[in-house]
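The values are calculated or read from the model by the stated rules, or taken from the named source; none is laboratory data. Computed from a prediction, not measured in an experiment: that's the story for all the values here. We place every Cβ from the backbone using ideal geometry, glycine too, and count neighbours over all the protein chains shown.
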Amino acid sequence: MGASLKMTNPTFEANCLTCYSRTLSLFASMPREEVILLNQQKKCISFSRDEYLFRQGSWPLGLFALSSGKVKNVRVSANGDEHIFSLNKAVDFLGFYDFMGDQPYSFSCVALEPCLVCFIPRTYFLEMLQRHPAIAIKTLQAISRQFAQSIERSTNLQSKHMRGRMADTLLYLYDLFDGANQDHVVRLHLKRSDFAALSEMNVANAIRTLSEFSKSGLISLEDGVIRYLNLDELRRSSALQ
């Protein structure tokens with residue numbers, strides 16, 4: 001099916017009519033007859049940790065809907081280095097901008113843990129939007145919100161010092177992955193270079209700032225686990241210019 005989808009990946013069975021993830025997505029209000037069509041058209045695929053869901057430069061032949069798991073979005077620089085710039089959680093659509101723009105992926109998407117993904121063929125998705133204008137409007141609104149949030153975060157980071165940038169990144173992860181309802185814990189396999197890229201600082205400064213936060217009792221970092229110990233102080237640090 002092209003460079004953006006590996007047919008060798010294991011598949012799994014899922015029924016859209018009974019899928020809880022669908023009820024949390026943009027498809028929550030989809031009429032039953034359309035859900036039946038969606039169920040017939042979609043392909044469910046599993047990805048292992050560190051596996052690419054799609055690569056920068058390949059063409060979106062369909063839409064990836066993340067059913068479970070976490071992914072990171074990375075861009076390759078001119079010298080070949082990969083830099084993470086955002087993450088996605090379950091029920092998010094992946095590569096949405098490029099899919100809707102009918103253009104090659106401007107970044108790569110990598111699984112941070114085992115992921116289950118529903119692949120929706122492009123032709124079916126676009127025809128579905130024509131049949132259901134309300135879902136089309138929700139789709140455009142979702143794209144607009146994501147774009148606005150991305151611009152706002154990048155702009156805010158540029159006005160902050162290193163502690164403020166790292167605090168902002170940690171709070172971004174906390175909110176994105178619902179740390180408030182997970183005992184103030186986020187389970188996430190990120191490299192120190194990922195923390196640096198998300199905070200728009202170099203790796204050495206990121207390591208030093210994370211160490212300072214840990215020694216000060218704001219967070220603790222274990223293998224794949226971020227524990228939030230002092231949210232109030234993190235928020236104060238994030239607010240400082």
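Out of curiosity, is Val110 closer than 14 Å to Phe85 by Cα, among the aliphatic types (A, V, I, L, M) and under 19 Å from the mean Cα position of the chain (by Cα)? When the stated conditions are applied, Val110 passes them. Take the conditions polar (S, T, N, Q), assigned to a helix (DSSP H, G or I) and modelled with pLDDT under 95 and apply them to Ser238. Does it pass? Judged against the criteria, Ser238 is a match. Quick check: is even one residue across segment 199-206 over 24 Å from the mean Cα position of the chain (by Cα) and either in the same structural domain as Leu171 (by TED's automatic domain parsing) or under 17 Å from Ile84 (Cα atoms) (or both)? So far as segment 199-206 goes, yes, one or more of its residues are over 24 Å from the mean Cα position of the chain (by Cα) and either in the same structural domain as Leu171 (by TED's automatic domain parsing) or under 17 Å from Ile84 (Cα atoms) (or both). Looking at segment 210-235 only, could you name the residues that are assigned to a strand (DSSP E or B) and touching a residue at least 40 places away in the same chain (Cβ under 8 Å)? Hits for segment 210-235 are Ile219, Val225, Ile226, Arg227, Tyr228. In contact with a helix residue (DSSP H, G or I) (Cβ under 6 Å, 6 or more places away or on another chain), within 23 Å of Ser211 (Cα to Cα), surrounded by 12 or more Cβ atoms within 10 Å (Cβ to Cβ) and among the small types (Gly, Ala, Ser) - does that describe any residue in segment 155-167? Yes, that holds for at least one residue. In segment 27-48, the residues that are small (Gly, Ala, Ser) reach residues that are part of a strand (DSSP E or B) with C-beta atoms within less than 8 angstrom, at least six apart or across chains, in these pairs: Ser46/Thr11; Ser46/Cys115; Ser46/Leu116; Ser46/Val117; Ser48/Ala111.
Applying the selection to segment 80-106, what residues are hydrophobic (A, V, I, L, M, F, W, C) and at positive phi? Of everything in segment 80-106, just one residue is hydrophobic (A, V, I, L, M, F, W, C) and at positive phi, namely Val91.
May I ask you to list the residues in segment 14-45 that are farther than 15 Å from Ser68 by Cα and part of a helix (DSSP H, G or I)? Result: Arg32, Glu33, Glu34, Val35, Ile36, Leu37, Leu38, Asn39, Gln40, Gln41. Scanning segment 9-36 for residues that are within 20 Å of His132 (Cβ to Cβ), in contact with a Ser or Thr (Cβ under 7 Å, 6 or more places away or on another chain) and of a type outside the set (A, V, I, L, M, F, W, C) yields a single hit, Ser21. Of all residues in segment 118-169, those satisfying the criterion of being of a type outside the set (Asp, Glu) and in contact with a Ser or Thr (Cβ under 6 Å, 6 or more places away or on another chain) are Cys118, Met162, Arg163, Gly164, Arg165, Met166, Ala167, Thr169.
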